[in-house]
Amino acid sequence: MVKLYDSGVYLLDGKTLVPEQEAGGAVKVSQEEAKKGTIAYGILQAHNQNSDPKRLRIKFDAITSHDLTYVGIIQTARASGLDRFPLPYVLTCCHNSLCAVGGTINEDDHVFGLTACKKYGGIYLPPHMGVIHQYMRETMAGGGKMILGSDSHTRYGALGTMAVGEGGGELVKQILEQTWDADYPEVICVYLDGKPRPGIGPQDIAIAIVSAVFKNGYVKNYTV
């Protein structure tokens, strides 16, 4: 069963979940101070270039694109004065790896990506050698890191990494040493207790959570 709370909660002693209105004297810190104890707060502020913790100006540890997106991103950055990639930029060839319509368009894109990496210092993953998110999990993800990808489902939370999927323009800004700008988001706590029945795995639990929080907008523009 998934239970949703309409107000804040405190996790006391790392194991007891208490609704905000029931916490009473058990809580020795203010709500604002308690929020600073979340993993999300620590990661976001460690990457925030702004002195205001509520107005985030983020620089990521690494960025990544596949061959559906990297050509336009790099061309835009070049037109804006690109001379090098200032942070690790992984280009993978895992979405246009087959030419289904004839001609050489996919091969041309891949050669463009390879030469861009050689010129600007990127990391190139050739066709049929791997896929974008698995490569990033194995080589770039880690506790406390932030990764930006030009792919809607860029996320590596299970590895302690806060990742964001964005449009190509935001990657261009990182390449040009600008920041990803956003207001500090509300943080959703997911707290699991009990024991699943035999045959129930992590995917089943994830689907149950998704079905409970997405359609009703419970997690819109929030982070976990």
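Arrange the following residues from fewest to most other Cβ atoms within 10 Å of their Cβ: LEU4, LEU82, LEU11. Don't skip to the end; give the middle numbers.
Numbers: LEU4 10, LEU82 18, LEU11 14.
Ordered by Cβ neighbours within 10 Å, fewest first: LEU4, LEU11, LEU82.
How far is the Cα center of the stretch 45-65 from the Cα center of the stretch 161-221, in Å? Result: 17 Å between the Cα centres. Taking 0.36 nm per residue of sequence separation and removing the Cα-Cα distance, the ARG84/ALA46 pair yields an extension gain of 11.3 nm.
Can you sort PHE85, PHE112 by how many other beta carbons sit within 10 Å, fewest first?
PHE112, PHE85
Relative to the Cα centre, the charge distribution of the chain, modelled as +1 at Lys and Arg Cβ and -1 at Asp and Glu Cβ, gives a dipole magnitude of about 260 debye.
For the modelled label position 7 Å from the Cα of ASP181 along Cα-to-Cβ, which residues of the stretch 35-66 have backbone nitrogen atoms closer than 19 Å? Within reach of a label on ASP181, which here means backbone N under 19 Å from a point 7 Å along Cα→Cβ, the stretch 35-66 contributes 45, 47-60. The count of lysine pairs in the stretch 101-224 that are at least 8 places apart or cross chains, and whose C-alpha atoms lie under 23 Å apart, stands at 4. Annotation: amide H-H contacts under 5 Å for ASN50 (H modelled 1.01 Å from N, sequence separation of 5 or more, or interchain): ARG57. Note on the stretch 57-182: with charges restricted to the Cβ of Lys and Arg (+1) and Asp and Glu (-1), its dipole about the Cα centre is near 320 debye.
Taking the Cα centre of the stretch 57-182 as the origin and placing charges on Cβ (Lys, Arg +1; Asp, Glu -1), which of THR179, ALA79, GLY149 is farthest toward the positive end of the dipole? Among THR179, ALA79, GLY149, the one farthest towards the positive end of the dipole of the stretch 57-182 is THR179.
When a/c reaches 1.5 or more, the comparison of a/b and b/c decides; with that in mind, is the stretch 57-182 rounded, prolate or oblate per its Cα gyration tensor? List each step's numbers first, then the result.
Values: a/c = 1.88, a/b = 1.27, b/c = 1.48.
Taking the square roots of the gyration eigenvalues as a ≥ b ≥ c, the stretch 57-182 is oblate.
The angle separating the long axis of helix 70-79 from the principal Cα axis of greatest extent in the chain is about 70 degrees.
Apply the a/c threshold of 1.5 to the C-alpha gyration tensor of the stretch 1-44 and tell me whether it is rounded, prolate or oblate.
Working: a/c = 1.72, a/b = 1.18, b/c = 1.46.
Cα axes put the stretch 1-44 in the oblate bin.
Could you please rank LEU114, LEU44, placing first whichever residue has the fewest other Cβ atoms within 10 Å of its Cβ? Don't jump to the answer; show the numbers that get you there.
Numbers: LEU114 15, LEU44 20.
Ordered by Cβ neighbours within 10 Å, fewest first: LEU114, LEU44.
Restricting to the stretch 57-182, what percent of DSSP beta bridges are antiparallel, rounded to 5?
Looking only at bridges with both residues in the stretch 57-182, the antiparallel portion is about 20 percent.
Extension gain, ILE188-ILE205: 0.36 nm per intervening residue step, less the Cα-Cα distance, totals 4.5 nm.
Computed from the coordinates by the stated procedures, all read-outs in this text should not be read as laboratory data. Note that the structure is a prediction, hence the values are computed from the model and not measured. Glycine gets a Cβ as well: all are built from the backbone with ideal geometry, and neighbour counts include every protein chain shown.
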